[in-house]
Amino acid sequence: MIKLGIDAPHGSRTSQVVQVLETDIEIQTLWYMANRTSKRAAVNDHGPIHVRTVMHHGDNLLRFLMEAGIQPNSVVDHAMTADDARVVVLLGLALHDVGMSIHRDRHELLSVPIALDWLRRKLPPIYVEPQLTVIISEVCHAVLAHNVNERTLTLEAGIVKVA
């Protein structure tokens, strides 16, 4: 099991989500399979090391932007917290390439239903309705929008795209 090395206050939603990601055999196997596909397709690493790297990049980008006074859409649009915005970014990055467990081509489209299913099963009780559906929707937007041809409609999705 890969350790992601993401620091978060104990008990925060970010901390809880990171713990799930670090201990969930299903997500870790999806990352492994995404890396197998990347090797078969002769493209760069898209497995657990890639996930850990982009999660750190995205986490830093979100922090820098918030320190500069730029508020994420989770906060502005949904009256959620900075911790919730961090969850959206980190989960978007953790799940953006899971469709590569099936195929490299159009993997963003494949990633969305896999992410949706995984999030519906793994996020409760960290989130309950209606916040659960808001978080899932924002994460799935970020997953889909990481494709260069898709528009990003949120700051969080933009971070996932460039991280």
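Just so you know, all these numbers are worked out from the coordinates, no wet-lab data involved. Since this is a predicted model, take the numbers as computed values, not measurements. No Cβ is skipped: glycine too gets one built from the backbone with ideal geometry, and neighbour counts run over all protein chains shown.
A Stokes-Einstein calculation at 10 °C with viscosity 1.306 mPa s, built on the Kirkwood radius of segment 13-162 over Cα pairs, returns a diffusion coefficient of 105 µm²/s.
Sorting 76-84, 134-142, 120-128 by average packing, meaning the other beta carbons within 10 Å per residue, from highest down gives 134-142, 76-84, 120-128. Under a model in which nothing but the beta-carbon of Lys, Arg (+1) and Asp, Glu (-1) is charged, segment 13-162 shows a dipole of about 420 debye around its Cα centre. Residue farthest toward the positive end of the dipole of segment 1-153, with Cβ of Lys/Arg at +1 and Asp/Glu at -1: which of Thr23, Ser74, Pro9? Checking the options against the dipole of segment 1-153, the answer is Thr23. Quick one: go through segment 72-97 and flag any residue whose amide nitrogen is under 19 Å from the point 7 Å out along the Cα-to-Cβ line of Asn60. Answer for segment 72-97: 86-87, 89-94.
Charge tally for Gly11 (other residues, Cβ to Cβ under 15 Å; Lys, Arg +1; Asp, Glu -1): -1.
Take every Cα pair under 8 Å whose residues are at least 6 apart in sequence, average their separation, divide by the length of the chain, and the relative contact order is 23 percent. Distance between the pseudo-spin-label points of Leu132 and Glu22 (7 Å out from Cα toward the beta carbon): 2.5 nm.
For the chain, the longest principal axis of the alpha carbon atoms and the long axis of helix 131-145 meet at an angle near 50°.
Relative to the longest principal axis of the Cα atoms of the chain, the long axis of helix 13-23 lies at roughly 20 degrees.
Against the longest principal axis of the chain, how steep is helix 82-95, in degrees 0 to 90 to the nearest 10, with axes from Cα atoms? It works out to around 10 degrees.
Other residues within the sphere of radius under 13 Å centred on the Cβ of His141, judged by their own Cβ, net out at -3 (K and R +1, D and E -1).
A straight chain from Glu67 to Thr81 at 0.36 nm per residue would run longer than the Cα-Cα distance by 3.6 nm. Our estimate of slack between Met1 and Arg36, defined as 0.36 nm per intervening residue step minus the Cα-Cα distance, is 10.9 nm.
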